[in-house]
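Worksheet for the structure shown next.
The values are calculated or read from the model by the stated rules, or taken from the named source; none is laboratory data. Predicted, not measured: the structure shown is a model, and the values here were computed from it. Cβ placement follows ideal geometry from the backbone for every residue including glycine, while neighbour counts extend to all protein chains displayed. For the accessible areas, the whole protein counts, side chains as well, though only heavy atoms, and no ligand, DNA or RNA atoms are used. Shrake-Rupley method; radii C 1.70, N 1.55, O 1.52, S 1.80 Å.
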Amino acid sequence: MRERRPAQERRRAREFESFVAGAGGRLLSAAALLTGEPAARPAPAAEELLLRALSRTYAAWDRLDGDDPYERTRRELAARFARTPRRHRRPRGGPLARLSPRERLVLVLRLYEDVPEELAAAQLGLPAARVHALCLHAVAELRSRRRPEPPPAPAPSPKPSAP
């Protein structure tokens, strides 16, 4: 019996490492969008958020019973973010930094992760109509603050006439 336990632990660790190797990049991108950090730089808040979500997934790894570990980690990521919105309130320069934490969460779940509206509403404990309204407001906010159009090119100067 003693030899079986270490073998199970090694198998569990290998499975989890494979999962993180395959899904870690996308999950980190989602976490960076949630925290409002730029993807081009190190994102310490996003990394911490993801690390906490992954640790919860690893702790429940043997109890997943056929559930998708990506879905489990995404739910944990969203739940952890929703519990700590004050930590993620100040802008950090990412593409969604000007949105409120709740708008970022709804937008990432709905548009980046393609979670159906009803499922996102159930996960967040909000009515589906509220999730829909938050998503619409966030998209409108992003569209309204697009970069200003570059100024028109100067008119061509008249050609000098030949004598």
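The table for this structure:
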item: Output for the range 63-84, where each listed residue is among the acidic types (Asp, Glu), open to solvent by less than 90 Å² (accessible area, probe 1.4 Å) and either touching a strand residue (DSSP E or B) at 6+ places or on another chain (Cβ under 6 Å) or more than 14 Å from residue 26 (Cα to Cα) (or both); result: 68, 76
item: Every pair of residues 6+ apart whose Cβ atoms lie under 7 Å, when the first sits in the range 67-81 and is part of a helix (DSSP H, G or I) while the second is among the aromatic types (Phe, Trp, Tyr); result: 69/19
item: Qualifying residues in the range 18-33 (those that are farther than 21 Å from residue 93 by Cβ and either open to solvent by less than 40 Å² (accessible area, probe 1.4 Å) or of a type in the set (Val, Ile, Thr) (or both)) - the one modelled with the lowest pLDDT; result: 24
item: Single residue of the range 34-62 satisfying the filter (closer than 20 Å to residue 122 by Cβ and of a type outside the set (A, V, I, L, M)) that is least open to solvent (accessible area, probe 1.4 Å); result: 57
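Each row is one residue, and each column tells you yes or no for (1) over 16 Å from the mean Cα position of the chain (by Cα); (2) modelled with pLDDT of 95 or more; (3) in a loop (DSSP other than H, G, I, E, B).
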{"site": "132", "(1), (2), (3)": "yes, yes, no"}
{"site": "138", "(1), (2), (3)": "no, no, no"}
{"site": "143", "(1), (2), (3)": "yes, no, no"}
{"site": "149", "(1), (2), (3)": "yes, no, yes"}
{"site": "156", "(1), (2), (3)": "yes, no, yes"}
{"site": "159", "(1), (2), (3)": "yes, no, yes"}
{"site": "163", "(1), (2), (3)": "yes, no, yes"}
